[in-house]
Structure formats: C-alpha cells, structure tokens
1. If the chain between PHE281 and LEU29 were fully stretched, how many nm would it gain, using 0.36 nm times the residue separation less the Cα-Cα distance?
2. If I stretch the segment between ASN82 and ASP130 completely, what's the gain in nm (0.36 nm per residue apart, minus their alpha carbon distance), one decimal?
3. Heavy atoms only, 1.4 Å probe, whole protein assembly: order TRP321, TRP150 by accessible area, highest first.
4. Beyond 18 Å, what share of the Cα-Cα pairs of segment 151-296 remains, rounded to the nearest whole percent?
5. How big is the Rg/Rh ratio for segment 25-84, C-alpha atoms only, Rh by Kirkwood, two decimals?
6. First obtain the Kirkwood hydrodynamic radius of segment 61-181 from its Cα pairs, then insert it into the Stokes-Einstein equation at 10 °C and 1.306 mPa s, and state the resulting D in µm² per second as a whole number.
7. Once you place label points 7 Å from the Cα toward the Cβ at ALA323 and ASN108, how far apart are they in nm?
8. With a point put 7 Å past each Cα toward its Cβ, work out how far HIS254 is from TRP150 in nm, to one decimal.
Amino acid sequence: MKWLVNVLFFVVLLGIFGEGVSAENSLQLRINAIPEGGTLRLEAGVYEEAIQLKKPIVLEGEMGTIFKFCSTEPIITISGKNVTLRNIKIVGCSNQESLAEIVVMGTNHLLEDLTINTGKIAIKLEDVEDTHIRKVGITGLSNENGIDLWQSNRNAFENIEINGVQDGFYLENSDNNILFGNTIRDSRYGIHVMFSNKITVKENVSEHNFTGAMIMASNQSIIEENKFTENNKNVNAQGILLYDVHNSEVSKNHISNNRVGMFIEGSSGNKIKNNEFIANFIGTQLLKNKGNVIEGNSYISNVTEIQAKQGTDNYIYRNFWDAAMKLDMDGDGKSNLPYQADPYFLNLTKETPAYQLFFQHPGMVLLQKVLKSPTEMLVTDEEPLMNHQIENNDQQKQGNYPAWFMSLFMISSSLALIFFGRRRR
C-alpha cells in the first residue's frame, strides 16, 4: 500500500513540474513578456504552437525558424498596431478547417521575408489599414487564395511571389491598396479585385493563370507597366478582364500570348493607352461599353486585333494595327487610311457557339467580307499609327550606338571586300 502512495505522490509532482517546464518553454509566454517596442528573436528550429501578437513588438526568426502546426486556428494572429513579423517560414496543412495561416487585423503592421506553404489562405487581412507586406513567397496546396483582403484600406504589397493558389490576390471592399512588383503563376486569377476603388497595380507579372487580372466594380484604379502573359489555360481566359470599371487607366502593359488580351464589358470613362497586345488569339474584346479612350496601343501578331459590339461613344484612334493598310501622305506618322474591324464573327458565334471552330477559316473570312456588318457596328480607327512603340524603341537603341563604331564597321567591311576581291583575281 505504501508503494502505491509513493507512486501517486510521484505522479502529482511530475504533473506539477511538467506544467511548469511546459509553461516556461511556451513561446506565447515569451512573447507576452516582451515590452512594447521590444524585439524577440527566435532561435532556428521548429515551433509547433499557435501564437498571437497583440502589441507593438518585433518577432524575428533566425535562418531556419519554422512554424509547423495543424489546427483549426491560425498559426499566427496579428492585431492592434505596429507589429513586425520577419524571417519566418510556415509549413501548414490543408486538412483542417481554419481561416488562414496568418490572420492580420489592426493598423501599421509590417510583414516581410516570409515563406508560406499551405493549403489554406496564406495571409488573411480583415479591417487592416496602412500595413506593408513584402518579400513573401507563397506556395498553395489547394484551392484557396494567396493573400485575401476584406475591408482593408491603404495597404501595400511588394515583391511577393505566389504559385498554385486559387486567386493570387483577392481584394473585396478594400480601397487605396497598392500591388507593386509581385509575380503570380499557375493560379485561377492572378489578381482579383471586387468592389474596390483606387487600386494601383504596377510592375507585376501575372502569367500561366486562367486570367491575369480580373478587375470588377472598381473606380479610379490604375493598372500600368505590368506583364500579363500566357494566360490561356481556359476557354474563357484573358490577360485582363475589366467589368463594371469606370474612370480608370490601363497603360504601358505588355499583354501577350493570352487567349484574349483584354476583355472590357460594361465599363466607361477609362483610358486604355500605350499597351502592347502581342500574339494573343484576340487582342481586345469590347462589349456594352461607353466613353472609353483606346489610344496609342500596339496590336502585333494577334490572330484578331479587336472585336466590339453594343458600345457607344468609345474613342479608338492613333493605335498601331499590323493588319491595317497604311499610307502616310503628309509624313505625320499617321496613316491616311482608316482601319476598321468588323464584329461579324463575334455576333455569329454568340448565336451559334459551335461556329468558333471556323475562326479565321478562309470561307468565314470571305463570308465576313460579303456579309459585312453595318457601318455603325464597325470598330474604326481614323488615324492608325504607321509605326508601333517597339519599332521606335529599337530605332532609339540603334541610334545610341556611337557614330565612330558604325563608321569603323563600314570601313572594315569595305576593306575586306577589296582585299578578298583582289585575291580571287
């Protein structure tokens, strides 16, 4: 009987001290002990614990700091203001029903140098303002978004690489956010904007997705200097989709090798300027638009440059069309022959979708010429450009070669011809 009492006493002591050891080693307790404005540097290793950062501190990991935790709660929850999270790798899972690996709330946070492999949403922002997220790598394991925003304004996302997710960036009811220098591949929508205004999308690369960027119900947004390429994995794929977008600017983008370079529907007051549409199946499609300006764009090697219907008062002029007949009689760089695009095929396939199989078939091309659409349905550029911007850039680069180099090359070539010519004699 005495030995049984001793065993029970030992078990109680082990439980008490075991709890003490566990509590002392708890990362959350270490975080709680850091004063506001302080820094906690984590040693390299694997941390299997969910944590919460509620006050202005810096949590920074050494190389090899990994959070690996499967739970119904996020691995890291950030709230309050002025939290910095840096140099952390998260290895998540997809078999738990949780919101995201990292959930962010509050203001003025900084997240940088993160790597996230997960089947959940990688980073979820809810009611977040003035936060900067940069230098993040996200690899998805299932159909969830990479970075998801809800009612979050004035945030910046920079140098983020996202692969294999549902939507790389998903923004809803979130205004004044900036996406700069990010890369999204192998996803459904690279960038998906819903009911969000004054969004800036600049110098991003969105490629090998179903759609490079889908902008819906947005006002006063800017999409410039991006690359939307190889977005052609779906019959409805586009480089850029603008739906119900108004008073926005899409400029200086490189849009190539997509099924449809740009699809614009139900939009007005937008400026589509100085973009390159190269080797797309259809360069641009317009449907039910009003008062948009399409100017200074280059349409090169597309199967069809542009198709439009049910639009009014759209201003399409001074674009380069490689399929246009060009004649510049006054040397002003603009052709005196207008360019016209006929929406006949678009109307025909809407009534009978199976006719898409005959796209650009010689018989279909002949039929389009014979049964030409009414004049008011044609897309007309009254002053098409003689040269596109790529040609101009090449000419400028050639003009930058020093004159002496060109002269030396020509003199050397001439001497070589004279020398070898004499030897043959």
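The values are calculated or read from the model by the stated rules, or taken from the named source; none is laboratory data. Note that this is a predicted model, so its numbers are computed, not measured. Note: ideal-geometry Cβ built from the backbone for every residue, glycine included; neighbour counts use all protein chains shown. Surface accessibility is based on the protein's heavy atoms, side chains included, excluding ligands, DNA and RNA. Shrake-Rupley method; radii C 1.70, N 1.55, O 1.52, S 1.80 Å.
1. 84.9 nm
2. Computed gain between ASN82 and ASP130 is 16.3 nm.
3. TRP150, TRP321
4. Result: 49 percent of Cα pairs exceed 18 Å.
5. My calculation of the ratio gives 0.94.
6. Approximately 114 µm²/s, per Stokes-Einstein.
7. With each label point 7 Å from Cα toward Cβ, the separation is 5.6 nm.
8. Between HIS254 and TRP150, the label points sit 3.8 nm apart.
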